[in-house]
Amino acid sequence: MTSADAPTTRGGGTCLVTGGAGFIGTAISPALVASFDRVVAMDNLHPQIHPSAERPRDLHPDVELLVHDVTDAQAWDEVLATVRPDVVVHLAAETGTGQSLAESTRHATVNVVGTSQMLDALHRSGHLPRRIVLTSSRAVYGEGAWRRDGDGSTFYPPQRTRESLEGGQWDFPGAAPEPMRASTTFPAPVSVYGGTKLAQEHVLRAWAHSFGVEAVVLRLQNVYGPGQSLINPYTGIMSLFCRLAKAGESIPLYEDGQVRRDFVLIDDVARAVHLAAVVEPAPDEPVDVGSGEHQTIALAAELIAERYGAPAPHVTGQFRDGDVRHAWADVATAERVLGWTPEFDLRAGIDRLATWIDENLSATRS
């Protein structure tokens, strides 16, 4: 990429962040404050994430926090009566893959209806932002594309059945997975959560294209790091692994421990989301955001156990419905359209997360 081709940035004006008091919202708040004249976070402070319903201490002090629910049309009208956003960063979402199977209505309501309520309210307000950034998920790809060993042809595996999982058939025989890239990988979600995130993308793009609003979609891999909820049982296996190892326990590994994931540190994700809000020109294709590498769950657990001097992880053979076997991103598009590359490898990221957990839990006990 030449200097003439490199993306530029544009700030100023007002930025509205839905779910702005959450994990990613607090992480991006310093950069947004530095780029925009006014930053407003809209968040319902759900007790699954915010048990005390208090303003997060890591949310930048210059961010205005409005406690409202994105599914509430009246709340949207109240917010947009005084907030005229130039850019909206839409983070608000229910994110638990396993939880979405038991609470599909909740996930659909927040993720899909919450998005449509936002878009309807923006239209009613008479003020449209120039850009909306949506944090989507690698879950939209499902199992992704696999390549047959024999002829090298590409196919899309169906959702793994309970019968195959109970029989220990983890992989798809005679084939190997491909990295996920928006330009070539067809979305085929295998979880309720993934289905709602893909619906979010479709709803936003159809609306934005009709009204001349820029729609930037980021498909995030497994985000982890300092600031992640330590009480939400449905997200964050890395923080769960750290807490188990810190307590001197052996980390349990689902399936055969060889599930591959793309663990991307929150610091890298925050830079990508911030760039998506200010980069010029706006990317017109979904952008995959990951670490640039993939690791097995077993390796991640081993590094965490090593960090704490805990017993070696052990394979349980258990599984979770709706999980995909392997997932990692090709980040070439992010480099091209955002000028972004990941900076942290897995070992460095685990060290940052473990240090934060040690400090956080010590402060909590004090």
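A few comments on the model shown:
- In the elastic network of the chain, a GNM with C-alpha springs shorter than 10 Å, the most mobile of D151, D284, D86 is D151.
- Positive-end residue of S191, A298, A121, charge dipole of the chain with Cβ unit charges: A121
- For the stretch 250-366: rounded, prolate or oblate by the Cα gyration tensor [a/c cutoff 1.5]: oblate
- Computed [θ] at 222 nm, helices only, for the chain once each DSSP H run of length n ≥ 4 contributes -39500 (n - 2.57): -11000 deg cm²/dmol
- When all alpha carbon pairs of the stretch 1-143 are counted in 5 Å bins from zero, the resulting P(r) reads 2, 9, 18, 21, 19, 15, 9, 4, 2, 1, 0 %.
- Projected onto their three principal axes, the Cα atoms of the stretch 8-365 cover extents of 56, 54, 39 Å, largest first.
- Fewest-first sequence of D37, D321 by Cβ atoms within 10 Å of each Cβ: D37, D321
- Candidates P157, T95, T26 compared by Cα position along the dipole of the stretch 15-162: farthest toward the positive end lies P157, with charges placed on Cβ.
- A cut-off of 5 Å between modelled amide H atoms, ignoring neighbours fewer than 5 places along the same chain, links V315 with L253.
- Rounded to the nearest 20, the size of the Cβ-charge dipole of the stretch 238-366 about its Cα centre is 520 debye, with Lys and Arg at +1 and Asp and Glu at -1.
- Placing +1 on each Lys and Arg Cβ and -1 on each Asp and Glu Cβ, with no other charges, gives the stretch 147-289 a dipole about its Cα centre of roughly 280 debye.
- Taking amide H atoms as placed 1.01 Å from N in the peptide plane, the amide H of V17 lies under 5 Å from those of V40, A41, M42, V89, each 5 or more residues away in sequence or on another chain.
- Along the axis of the charge dipole computed for the chain (Cβ charges of +1 for Lys and Arg, -1 for Asp and Glu, origin at the Cα centre), the listed residues P286, P342, W146 are led at the positive end by P286.
- L361-E249 pseudo-label distance in nm [points 7 Å out on the Cα-to-Cβ vector]: 1.0 nm
- Using the empirical formula 2.2 N^0.38 Å as the baseline, the Cα radius of gyration of the stretch 127-221 reaches a ratio of 1.33.
- Remark: the stretch 152-169, residue by residue, has Karplus-estimated 3J(HN,Hα) of x, 6, 9, 9, 10, x, x, 4, 5, 7, 4, 4, 5, 5, 5, x, x, 8 Hz, where x stands for each Gly or Pro and the curve is 6.51 cos²θ - 1.76 cosθ + 1.60 at θ = phi - 60°.
- For the chain, size of Cβ-based charge dipole, Lys and Arg +1, Asp and Glu -1, in debye: 220 debye
- Exposure proxy ranking for T14, T105, T333, T115, based on other Cβ atoms within 10 angstrom of each Cβ and starting from the fewest, stands as T105, T14, T333, T115.
- In range of the label at E178: residues from the stretch 184-203 whose backbone nitrogen is under 16 Å from the point 7 Å along Cα→Cβ: 184-189
- Here the extension length gained between S125 and Y156 equals 6.9 nm, from 0.36 nm per residue of separation less the Cα-Cα distance.
- Excluding exposed DSSP-loop trypsin sites (Lys or Arg not before Pro) (at most 14 other C-beta within 10 Å), longest clean stretch of the chain: 131-319
- Listed residues A145, A312, A215, most fluctuating in the chain (Gaussian network, C-alpha, under 10 Å): A312
- Distances between placed amide hydrogens fall under 5 Å for R219 paired with S136, V287, D288, V289, all partners being 5 or more residues away or on another chain.
Each value in this text was obtained by applying a stated rule to the coordinates, not by laboratory testing. For clarity, every value in this text was computed on a predicted model and none was experimentally measured. Counting neighbours? That spans all protein chains shown, and the Cβs are built from the backbone with ideal geometry, glycine included.
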